[in-house]
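Shown next, in structure tokens, is the structure this report addresses.
The values are calculated or read from the model by the stated rules, or taken from the named source; none is laboratory data. Everything quoted here is computed from the prediction, not taken from an experiment. Every residue, glycine as well, gets a Cβ built from its backbone with ideal geometry; the counts of neighbours run over all protein chains shown. To get the accessible areas, we keep the full protein, side chains included, count just its heavy atoms, and leave off ligands, DNA and RNA. Shrake-Rupley method; radii C 1.70, N 1.55, O 1.52, S 1.80 Å.
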Amino acid sequence: MLQYVIAGLVLGGIYAIAATGLVVTFLSAGILNLSFAAMAYTVARFYYYLNTQLNWGIAPSAILSIVVLGPALGIFFYFLLFRRLHQTSMLVKILVTLGLSVALPSLDTVIFGTEAIQAAPGLAPEPVHVYHLAGVPVTLDQIIIYSCVVAVVVLGVVVLRYTDVGLCVRAMVDSPAMTSISGTNPQRVSMWVWAVSVGLAGLTGVLSAPIIGLDAGDFTLLMVAALSAVIAAKLRSLPVAFFVGLGMGIAGALVQYALPPNSSFTAAVLPSIPFITTALFLVYFMIRGGGIDESTGIGGTLDRAIRPHTSNQSAVAGVVGRQALSWRAPAVGFAAVCLLPFIVHGFWLGLVAEGVCYAIIFLSYTLVTGEGGMIWLCQATLAGVGGFTMAILAVNHGWPVFLAVLMGGLVALPFGLILGFLMIRMGDLYVALVTLTFGLLFENLVFSRQLFQNGDLGINVPPPHIVAGLRVFTWLCLGVFLAVAMITVNLRNSTTGLALGAVRSSEQGAKTIGISVLQMKVLLGGVAAFVAGIGGAMLALSLGVALAGNYETLLGVVWLTVLVTQGIRYNATALVAGLAQTLVAGFVLVFLPKIFADFVPILFGLGAIALIRFPQGILTFQVRLFTAVVGDLRERSPRLFGHLRLATLVYAVALVVLLITVRDLWWLWLAITFLAYNVGFGYLYRQHQQNLKRTANEVVMPASPAPAFDAMAPQ
Amino acid sequence: MTPGGKDAPTVDVPGMSVPHYASDGVATKHVFTAFMIQTQVFFGVVEAGSSRGDPDPTGAPCRRCKRSVTFPKRSLVGMRPRSQGGRVVGSLLRLRPAGAAVLFLALVLGMVTQTSSAGAAGGLTASAPGVTPKTITVGVITEESGSGASGAYGIPAAFKARVDLQNAEGGVDGRKIDVVVEDDQSQSSDNQTAAAAEVAKGVFAINDNSASAYGAATYLQTQGIPVVGGGYDAFEWTTASYTNMFSTAYGVFSGSTQPRYVVDPTPLKKAHATNFAVLGYSISPSSSGAAANEAVSLKQAGFKVGYLDTSLPFGTVNVTATALQMKAAGVDSMVAEIDGNTELALITAGEQAGIKWKYVVLATGYGSQWLTNPTAVADSQKLYFGVLQTPVELHTPATIQEQAAFKKYAGFTGVPDFGWTEGWESAGLMIEGLQVAGKNPTRQSFITNLRKVTSWNDNGLLSVPINFEHTTTPGKKLCSWTTQLIGHNFVPTSTTPVCTNLVPGT
């Protein structure tokens, strides 16, 4: 058994170095860098390029990769992104770093190509020397890993706790304002913190590549596993992260030692060890301390203490600020989508139907994150529960399809209730991490069963008999979307919705006026899970198959980002995001050259990063701007406003007629509309800006002297 | 949309329904082009007698073409516009010679393009979507991006090289083959989207060569699209209901019905193998099922199976504990239904644990990509590699033709690995299907007639001919080629493939 313990230290060492890197970054920068794995992969890939493809020596390759490229990337991303993240909400922080984690590997593919890498070298010279410890082969690469892990932990603890540099770093995380008063430039400190953090990520990548392989997907799984150790360390204890990481590796080896290798139970347990570790530690924390919050003992305490109490401190502050908009625009938009089945057909109509089904799933995010302020990353899993429930009932048990769809929602509902209950005392970041872990665990333990996999074919879902054609099916999906959206609207406008708003703004404040936070969160979790289940079932109907690959947890994170970039508080943005999800992909597939396929993830990542500038969503921003400009026009020139409104109405009708009758030129009509809108709105926007300036000047400098002077003038 | 402006009948399938004749895309494009040329010339030219009418693609005057149009000062017809933005009127009688020439050319072009797409040329007709008297358009779906891109590298280029070779020899029944390539980004849902996009573009048949091909299987089967591919992703290729799907090898079967083949003990005994480790991925029923069957066959052949592991995480290279178990079991040989990087890691870890390998066959790895990795080459010296096709090192007519085509049409001069082999063989199967589909092929004739082919071996490239009448049952024989890596060369272990028989009852 000792041999397996030593064998387990190999992977354990990788988990430990990744976990300590994440904790160091969080302690130093106050941000859980979910793009850590992507940065590690980038540096490792660059090292492989220099060392293997260009035949550079180990030393120059390592120096250029780990010491130069890593810190340079850190500084670059600090100025581009991270310096703006400090005061944003937790949702934006999570999505921005996740967006970067998607964009970076795609950028690496564009730069380095898609060559299959069978074996990646580490820092040890080839052929790698092998030592034997208690009969277990230990390579020089592995010894280097152990040494680096120990060095990182020791240095990290010593520097952060016992040196002036560490004091500066901790002070800067705690309160940038007070740090700058003391004469330290917080920007410079942050910049170097990120340089060191990404350098550390690069070191992790180069060391890990010979052990786990050089593939972006492997690095993502590594980080997900390392997050378990980070959660165990409560995001702040380097020694705990180190030992739990090592422990997970050893546990995996001992499972292999104890359990039969050709057992399906072993096959299920092995990949689930990190998630089981997370669950055990969470239960332990909740039993002991009653709750866990990422802000406990971590930086920002002083700034939080002196921050005015009127500011919104929720996890989604800035993202979910909701300004009431007229119902007319969403109604017009929905009507326009209802007309789409007359305009598009075949392939594109299929994408519209699929997009509406995604929109239904997105409404679950609107509920749980937009209304509830909770960052759930497992909606894709809940959608999968709904999809598979519907498929099994309809196909295997002959249930009517629509009843099976409803059951899909009802089966998903208790999962939401239980999750809402379990996470009641968790901080926002922990809620996100726990739901992410739940989703991945479900994928590994449940969706991998042959009942759902069916040898990778999934479960074929026949179309419902009463639906005659794709057009009718699309309207059916729109009907379901409308029904669910009305549930959301009614909830929002009810006393329950007001109570949710109160909880979202301030849990403490809500408790003082007698609102049960537990009840609100559990209720919302259940309703959101129900909606996700319905959406998942409709998606399976749309695709004609319930496939586990269509409900992957990490895919759900992409969905959330697509939605948040549009706006997470409005039902209309859910519909736009759902349609964008499918139609943009279709557009790229059909009209753009192949090379753009690799750029789509990069653009998605950029979209997520744009959240910093538009935390409420780009579409929401545009709508508000439009509303302001049009409102200003109506005040300044009612007559012109009336003419423009009539002209727009006539043009809209003409456009619809043209799109229906002369479909082949749809691209021309849309291009004309786009140009006309930009020219027209641009003109109005300039007028609006000039009006604002004029109004501001009139306030500062009145046009005529004050009457008192006239009164005092000699007669 | 047909030129008449009416939609063709649709298949009533929510999801990705497209009309059976979604658009005769090529014909429509030509009609549109000719129409635009003609109307641009006719705009501003007064119609004789001010009569109005529909834009007639046969070239008759555009009777609705009285428009307010702004022409440049020097127009093709040598007329000055009466006013900027005003109604421009001219007369055919005042055409300049240059303008008349252009007009004549436009008429000719319009008539040629319109008639060529619809008319019969030597008995060849536009008998199906994607088929014209001169061309057949086929689609390729593969993983050009995403996690599977490295494994699928070479598929589109190899497919096109085979098609280019065929086109250089006259195509199929006088028709050239056009290829449309789509990327499924290694996602099953995107595979279906890519398939729907190709069907909407009017391809006749599809080569779905992706590890996510199962994502589009139901859709393509519902649409009646002929599909060829590698058959390595899931068991739709061997399922009776998917009559439209043809794979270049006997495909995988569902986990519970994996076939079992007798093991030929000769090469194993020659290598002094005695005790085997057999491994498969837990997440793949075909991998774990095949591993379990291998173990049974090895035992029946008189060998010991000291270690059977069907719980390997997919793609893992962290195998130290596994190596310890293999060492403890006393194995000296390995058979694994896993990827090359996992197998290489097992070999290396086993050697480091003290195992002296006698017989190890890597199921994948044969090809140039392996040879470009010094670490992989160093760690796999004298190991055996399974090969999907006749090894090019044997220089048979089929492999010579293959490598010559790769060099000429794709600029590839290396050893074809998985992607290049799959692309070439899939193209060969597609061409076979087009050839047997008849002079004026339809999708149904492709499916029906290819299903009647009882012995297809791609000009001798395959190790065992495929009988497409019986692809839902395993082949009676399993034949395979093996090479050994010596230095930087793959050396075939025999000049003929090694064959074993199906165990009765499996």
- Pairs to check: B:LYS382/B:LYS476; B:LYS160/B:LYS452; B:LYS270/B:LYS327; B:LYS304/B:LYS356; B:LYS382/B:LYS408. Give those whose C-alpha atoms are more than 24 Å from each other in this structure. B:LYS382/B:LYS476; B:LYS160/B:LYS452; B:LYS382/B:LYS408
- Task: Compare B:MET326, A:MET407 by solvent-accessible area with a 1.4 Å probe and give them largest first, with all protein chains kept in place.
- Result: A:MET407, B:MET326
- Please compute how much accessible surface disappears when B pairs with A, both sides summed, using a 1.4 Å probe, and round it to the nearest 100 Å². 5700
- With all protein chains present and a 1.4 Å probe, how do A:TYR683, B:TYR242 order by accessible area, largest first? A:TYR683, B:TYR242
- Would you mind telling me the share, in percent, of accessible area of region A:344-615 contributed by carbon and sulfur at probe 1.4 angstrom? 71
- Note on the structure: Shielding of A:250-263 by other chains, given as the mean Cβ count within 10 Å, works out to 4
- Item | Mean Cβ neighbour count within 10 Å, used as a protection proxy, ranking A:544-554, A:441-451, B:448-458 highest first | A:544-554, A:441-451, B:448-458
- Give the carbon-plus-sulfur fraction of the accessible surface of region A:58-216 in %, rounded to a whole number; probe 1.4 Å, heavy atoms of protein chains only. 70
- Message: Please check region B:290-318 for residues whose accessible area, probe 1.4 Å, is lower by 40 Å² or more when all protein chains are in place than in their chain alone.
- Response: B:LEU308, B:SER311, B:VAL317, B:ASN318
- With N set to the residue count of region A:2-301, report its C-alpha Rg divided by 2.2 N^0.38 Å to two decimal places. 1.00
- Message: Modelling each spin label as a point 7 Å along the Cα-to-Cβ direction, I'd like the A:VAL489/A:ARG236 distance in nm, to one decimal.
- Response: 4.6
- Query: A:PHE79 to A:ALA59: FRET efficiency via 1/(1 + (r/R0)^6), r the Cβ-Cβ distance, R0 35 Å, to the nearest 0.05?
  - Reply: 0.75
- Item | Length-normalised contact order of region A:2-301 in % [C-alpha pairs under 8 Å, at least 6 apart] | 38
- chain A: calculated mean residue ellipticity at 222 nm from DSSP helix runs of at least 4, using -39500 (n - 2.57): -23500 deg cm²/dmol
- Query: Around A:GLN690, what is the net charge, scoring Lys/Arg as +1 and Asp/Glu as -1 over all other residues with Cβ under 11 Å from its Cβ?
  - Reply: +3
- Task: With the full set of protein chains in place, find how many percent of the accessible area of region B:447-500 is carbon and sulfur; take the probe as 1.4 Å.
- Result: 54
- Rel. contact order, % - alpha carbon contacts under 8 angstrom, at least six apart, region A:22-159: 26
- Item | 1.4 Å probe accessible area per residue over chain A, in Å² | 42
- trypsin sites (Lys or Arg not before Pro) within region A:195-298: which are DSSP loop residues with at most 16 other Cβ atoms inside 10 Å? A:ARG236
- Over the heavy atoms of B:ASP190, what accessible area does a 1.4 Å probe trace out, to the nearest 10 Å²? 40
- Rel. contact order, % - alpha carbon contacts under 8 angstrom, at least six apart, region B:338-384: 45
- For A:SER364 the rounded accessible area (nearest 10 Å², probe 1.4 Å, non-protein molecules ignored) is 0
- Query: Points 7 angstrom from Cα along the Cβ direction at A:SER264 and B:THR495: gap in nanometres?
  - Reply: 4.9
- Note on the structure: Net charge near B:THR243 (other residues with Cβ under 14 Å of its Cβ; Lys, Arg +1; Asp, Glu -1) is +1
- Query: In a shell of Cβ-Cβ distance under 10 Å around B:ALA211, excluding B:ALA211 itself, what net charge do Lys and Arg (+1) and Asp and Glu (-1) give?
  - Reply: -4
- Could you please put B:THR500, A:THR220 in sequence from largest to smallest accessible area, using a 1.4 Å probe? A:THR220, B:THR500
- Query: Can you give the extra length, in nm with one decimal, that the chain gains between B:GLU393 and B:THR243 once fully stretched, where that is 0.36 nm per residue apart less the Cα-Cα distance?
  - Reply: 50.4 nm
- Please state, as a whole number in µm²/s, the translational diffusion coefficient that the Stokes-Einstein equation yields for region A:107-264 at 25 °C and 0.890 mPa s, with Rh defined as the Kirkwood radius across alpha carbon pairs. 132
- Message: What FRET efficiency comes out for A:SER182 versus A:ALA151 if R0 is 30 angstrom and r is the Cβ-Cβ distance? Round to the nearest 0.05.
- Response: 0.50
